[in-house]
1. Report in % the part of the accessible area of the chain that belongs to carbon and sulfur, leaving out ligands and nucleic acids; probe 1.4 Å.
2. Taking the mean number of other Cβ atoms within 10 Å as a proxy for protection, how do you rank 93-99, 57-63, 46-52 from highest to lowest?
3. Between residue 18 and residue 98, what is the spin-label point distance in nm, taking each point 7 Å from the Cα along the Cα→C-beta axis?
4. Residue 100: net charge of surrounding residues, Cβ under 14 Å, Lys/Arg +1, Asp/Glu -1, itself excluded?
5. How large is the convex hull of the C-alpha atoms of the chain per residue, in Å³?
6. With every protein chain left in place, what is the accessible area per residue of the chain in square angstrom, probe 1.4 Å?
7. Add +1 for every Lys or Arg and -1 for every Asp or Glu among the other residues with Cβ under 12 Å from the Cβ of residue 35, and state the total.
8. Once the piece of chain linking residue 79 and residue 4 is laid out straight, how much longer is it, given 0.36 nm per residue of separation minus the C-alpha distance between them?
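The values are calculated or read from the model by the stated rules, or taken from the named source; none is laboratory data. As the structure is a prediction and not an experimental result, all values here were calculated from the model. Quick reminder, even Gly has a Cβ in these numbers, built from the backbone with ideal geometry, and neighbours come from all protein chains shown. What goes into the accessible areas is simple: the full protein's heavy atoms, side chains included, and nothing from ligands, DNA or RNA. Shrake-Rupley method; radii C 1.70, N 1.55, O 1.52, S 1.80 Å.
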Amino acid sequence: MTDSGTWHRAASLGELREGEPYGVEISGHHVALYRVGQEFYATGNICTHAEALLSDGMLDGCEIECPLHMGRFDIRTGEALTSPVEIDIPVYPVRVVDDRLEVCLPA
Ligand code: FES
């Protein structure tokens, strides 16, 4: 538990492959997980434009491209980068514990 959320097990590290976004649902939150080199990131998994799953999209460096209309977000900040997306996605803190990735989600 943190001031702003609760830590949850999200995936084993072996499930997270470079360039392959990974979608999970945790306590009602749709979360996309990403591995970029030795770094891990977590964002909301629902595109803010028309609700496509970002985990079905293409990861290019630290940008996720939505599979439906190709809008892009920065997975480090959640910032909406390119049309047609205008509303940012949430980003969540992550940590590695043993062989798993945990994500901190709002209660
Ligand atoms: S649903 Fe993602 S850009 Fe349209």
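1. Working: 2700 of 5750 Å².
Result for the chain: 47 percent of the exposed heavy-atom area is carbon or sulfur.
2. Going from most to least packed, we get 46-52, 57-63, 93-99.
3. Placing both labels 7 Å beyond Cα along the Cβ direction yields 2.7 nm.
4. Details: positive: 9, 35, 95; negative: 15, 98, 99, 102.
Overall, the nearby charge balance is -1.
5. On the way: hull volume 9.5 nm³, N = 107.
Here the figure is 89 Å³ per residue.
6. On the way: 5750 Å² over 107 residues.
Ligands and nucleic acids excluded, the figure is 54 Å² per residue.
7. Working: positive: 17; negative: 15, 18, 20, 39.
Spelling it out: positives minus negatives among the neighbours equals -3.
8. Values: separation 75, 0.36 × 75 = 27.00 nm, distance 2.03 nm.
Taking residue 79 through residue 4 to full extension adds about 25.0 nm, to one decimal.
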